[in-house]
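Working notes, structure below.
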Amino acid sequence: MSGDRDHVRTTAIALALVVSALMMAGVGEAAVGNVLATVTIPNSANCALEGSNFGNVVAVVPGGKLGFPATPTLVVTNCQAFNDSTFVSRLFFLDPSTNPATLKGTVDAGTSAWDALVFRADTADLLGCQNGDGGIALSVIHFSPYDTVAGPGNVSFLTTAPAAATCDGVAWDPKDKSIYQTSFSGTGTAGPILKYSPGNSGSFTSIPSGCGGFAVSGLGVAGVSLFVGCSTQSLIEGGGGTASIRQLDKANGNLVRPAITNAQLPAIAAGLPDDPTTFAAQSKDALWSKETIFSSTGNQLLAFEIPGGTLGQNAGAPLAFPAACDQTTGAAPDTDGDGLLDCWEDGNNWADHLPGISLDGTYSPNRPIVNRAVLLCVDQNGNGTFDAGECASPTKKDIFVEIDYMQFHAPNATAVTNVITAFANSPVANPDGTTGIRLHLQIDQQLTHVTNVALPPCTPLPGAGDANFDTIKAANFGTLAEQGNIAKLNAKRNAYHYMLLAHNQTGSTASGCAEIVGNDILVTLGSFTGATVKNHTGGIGSVDQQGGTMMHELGHNLGLRHGGGDNLNCKPNYPSVMSYSRQFSSPLNPRPLDYSRVLLPTLNETQLSEAAGVGAFIGSIIYGPPVSVPLQGVKPVVASLTVNNLPVNWNGGTVGIVASDINNTGIAGCPASPGEQLAGFDDWSSLQFNFRSSMDFSDGAHATVDGSKAIDAVNSTGTLAGSLEITSEEAVAISYDTDHDGVSDILDNCTFTRNADQLDTNGNGVGDACEVGIEILRPSIPSTNQGVVQIAILSTAVRDATMIDPSTVAITGSSTTGPGIWSVPAKSAQCSKRDVNGDKRIDFVCQFKVDARLLPIGTSTVVLDAFTFGGEAVRGSDTLDVQDVGNGH
């Protein structure tokens, strides 16, 4: 051990804490520094052959990184163990939600115990500090089976530390990739905290610890705050003091609040990593600590309360309560449970009665709007006002997403409408007695086109010419009016997810990447060529592919995995867009754009009852192993279940009890994996709305992304066996060719009509074979109009428009000058037949009730979608101009 800790260890041996069984603070007002839990470390995490050795360190990691997705947080301890006549440095991964803590796994990493550990949330590994013969060194410790760099237990040197540094405390800042480390002054006072970049330890910034003449025992970084543990022991012989935790501004060392001096603080408190997850239901973060190795209480973990949202404050001086309705008590009520506090969603707090987040954290009726940092309203239809349903409510669940997009990759208006509708039609109950979730998609800025975007750990680090997701978000998050205002951006980060629509990912054709319970989303459909646009090489994703991927990746942000609650993919008893087999409309075409609405029974692949099928479910299922399908090749099986409890012939033989690898679809994401227990999952009832409770709330952190694809974790080259999300190649491999034109549905710009040539003569992304001509019969209407808009679908020599099913006709409009999107759903049109253009062919004329007051002023591109009675999908477009005549908007 190093410096200060050597000096104070002897007197710490005699210190004992009076501790109790697991203690959970009640929901209510915050009490910073309170003990939220006291958890006993089990003897299975004791390294001593006799007596006790529970180590000196504490870190926290997401449970999913070790293969336990249902366990959000694992606390890591370490000590030197004796194993088969050799010493090893053993990491213990403990579930702190039980008491005693449950040991979930161990990883041996090196031979000597680590003097400090910290989790790096941007690279999803641990940073370890040791005082060796060559001085203080920091190393990267790989512990996760999903690590894209090296396997569990691999240790690699990262950097030497500054000359005066010690291993009493180490912290990592994922935002700027910097190290904070304790130091030894040699003067009888605690040395400063040293901040430096790996590989550049000769250049560091000194931050006063504030511990005075007492040793520093632990460090933690959370957002813009630096937490420093001060021990009880003086650096001058004979002295003594009170243990404390100090919350500092990491930029300058200024004290944020009075030091925490809870009587249960250990004399030498190790660690202090921020855990935003374990106590999220109480809107509280926690700092985990423990007494050091030689104390009689060294087998206790203690969680000390800090305000919820601390981890995510991105800039500026630390706020006392970054996410609260009361800056004195820290109270954070959320009646509807959507992660947005009641005071944020209550429009009565503001003079204009529109909801939003305060600049100063103060809320009272009719405050001047100059004190509001960000609105919780999105003008979805672009009409210049906020209509019913476009603002947040404290009694109905809301989700807000800001969307930026690269040139050519603007979100398709129909895809956006489809996703919003899917959430609105969800079975999720609200306190106001309604069902459904209001999804607010704020379509913001167009960015310069770059071919590849890196978002580790989904991707490698960016290559030459590649963009970096974190850099893009740092420069572009927030509207132009919000950018540059730290207070406004901090407030917006508390409520808005961030989605970037780009071309491809570095090193992959994967469709996207997203944090699992988080706020960052990347959609990349440049290799999905079912839809293209002029002057652009590659694809942009069809309406179906955009909608499916946006909903899939947002599902990850809401806590859903590829198997719902686990990472087992392509389960036939999990009918959700989260499954690779249902992200796109193929192999099932069309598939419902939906999350799972029902918990279906678990299927045991070693004993499948074919008579029982998948239980009470009506719809289509997809299962493996792939079989030879006439005119399709080797594909997964698609079976239609028309009544509940219909039998399923899993293996194609005599109905009975069989064994079959039914989630094997023949791709890397759903490989051969016989004998699994496939659990059903109800997505809608399991959504996790509060991303402030995620380790990834901090910008630059993406730790919750794990290798859900790799069952064997690491291949011979040390990288994941495939990308983290479905690639275009995998999508093609499981896709059918519905219209039998030789083009896979995934690549086909007209999936229900044969068009092997894929002609798209006008370059609008729609194949000529399924494009229809439409004409808006009154293409200009006043902004006060509350009547109907008539649209003629024109018959041609090769298309009889009267064969279109009127119940399927829907229109979507998008402003040509702004982000406004509006729609009229299917089953809303009144249709008739007549010759509109005098060509002696009968056309199909449908009229839609349209309130122009809910439309954007100016020109909208109107897209009509429909199906023929024979099942062909058709699409046409025209423009509608809304003339501003006043009094309507």
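Hey, what's the chain come to in accessible area per residue, 1.4 Å probe, Å²?
Numbers: 31290 Å² over 889 residues.
So the chain comes to 35 Å² accessible per residue, rounded to a whole number.
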* Structure fact -> log10 I(q)/I(0) for the chain, Debye formula on C-alpha points only (no solvent), q = 0.04, 0.05, 0.08, 0.09 Å⁻¹, two decimals, reads -0.20, -0.31, -0.76, -0.94
* Alpha-carbon centroids, segment 59-85 and segment 823-889: separation in whole Å -> 58
* **Charge dipole (segment 528-611, unit charges on Cβ, about Cα centre) - positive-most of G541, A611, Y595** => G541
* Quick one: what are the phi-derived ³J(HN,Hα) couplings along segment 584-598, Karplus 6.51/-1.76/1.60 with θ = phi - 60°, whole Hz, x for glycine and proline? => 10, 7, 3, x, 9, 10, x, 9, x, 7, 6, 8, 5, 10, 8
* Asked: With labels modelled as points extended 7 Å from the Cα through the Cβ direction, what inter-label distance (nm, one decimal) is found for V798 paired with Q786?
  -> 4.5
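Ignoring ligands, DNA and RNA, what percent of the 1.4 Å accessible area of segment 638-700 is carbon and sulfur? Don't jump to the answer; show the numbers that get you there.
Values: 1300 of 2460 Å².
That share works out to 53 percent.
Mind checking the full-extension length gain between T362 and T879? Use 0.36 nm per residue of separation minus the Cα-Cα distance, one decimal, nm.
Details: separation 517, 0.36 × 517 = 186.12 nm, distance 4.60 nm.
Full extension of this stretch gives 181.5 nm more.
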* Which lysines does K473 reach when only Cα atoms under 23 Å apart count, and residues fewer than 8 places away in its own chain are ignored? -> K175, K177, K250, K488, K492
* **Simple spin-label estimate for A163 and R834 in nanometres, 7 Å along Cα-Cβ** => 9.3
* To do: Using a 1.4 angstrom probe on heavy atoms only, work out the carbon and sulfur share of the accessible area of segment 43-168 in %.
  => 50
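Please work out how much length the chain gains when fully extended from A756 to N371, using 0.36 nm per residue of separation minus the C-alpha to C-alpha distance, in nm with one decimal.
Details: separation 385, 0.36 × 385 = 138.60 nm, distance 5.91 nm.
Using 0.36 nm per residue and subtracting the Cα-Cα distance, I get 132.7 nm.
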* Rg to Rh for segment 177-327: what is it, with Cα atoms only and Rh by Kirkwood? -> 0.97
* Could you work out how far helix 543-557 tilts from the main Cα principal axis of the chain, as a 0 to 90 degree angle to the nearest 10? => 20
* Under 1.5 on a/c is rounded, so check that first for segment 458-598, then, if it is not, pick prolate when a/b is larger than b/c and oblate when it is not; a ≥ b ≥ c are the square roots of the alpha carbon gyration tensor eigenvalues. => oblate
* Structure fact -> FRET efficiency (T479, S685; Cβ distance; R0 45 Å; to 0.05) is 0.85
* Structure fact -> Projected onto the charge dipole of segment 259-360 (unit charges on the beta-carbon of Lys, Arg, Asp and Glu, signs +1, +1, -1, -1), the Cα from A332, W350, L301 with the largest positive-side position is that of L301
* Rounded Å value of the spacing that divides the Cα centres of segment 533-562 and segment 625-695 -> 22
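Taking a quarter of the surface of the convex hull around the Cα atoms of segment 71-131, what do you get in nm²?
Details: hull surface 19.6 nm².
If you wrap the Cα atoms of segment 71-131 in a convex hull and average its projections, you get 4.9 nm².
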* To do: Could you please state how large a percent of the accessible area of segment 455-601 is carbon and sulfur, counting protein chains only and using a 1.4 Å probe?
  => 59
* Asked: With axes computed from alpha carbons, what is the tilt in degrees of helix 413-424 against the longest principal axis of the chain, rounded to the nearest 10 within 0 to 90?
  -> 60
* Does anyone have the angle between helix 3-12 and the longest principal axis of the chain? Alpha-carbon axes, 0 to 90°, nearest 10? -> 70
* Note down the nm distance, to one decimal, between modelled labels 7 Å out along Cα→Cβ at D249 and at S640. => 6.7
* Mean-position separation - Cα centroids, segment 467-499 and segment 132-200, in angstrom -> 30
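The values are calculated or read from the model by the stated rules, or taken from the named source; none is laboratory data. Only a predicted model underlies this, so the values are computations on that prediction, with no experimental measurement involved. Please note: Cβ atoms are built from the backbone with ideal geometry, for glycine as well, and neighbour counts cover all protein chains shown. Note: areas computed on protein heavy atoms with side chains; ligands, DNA, RNA excluded. Shrake-Rupley method; radii C 1.70, N 1.55, O 1.52, S 1.80 Å.
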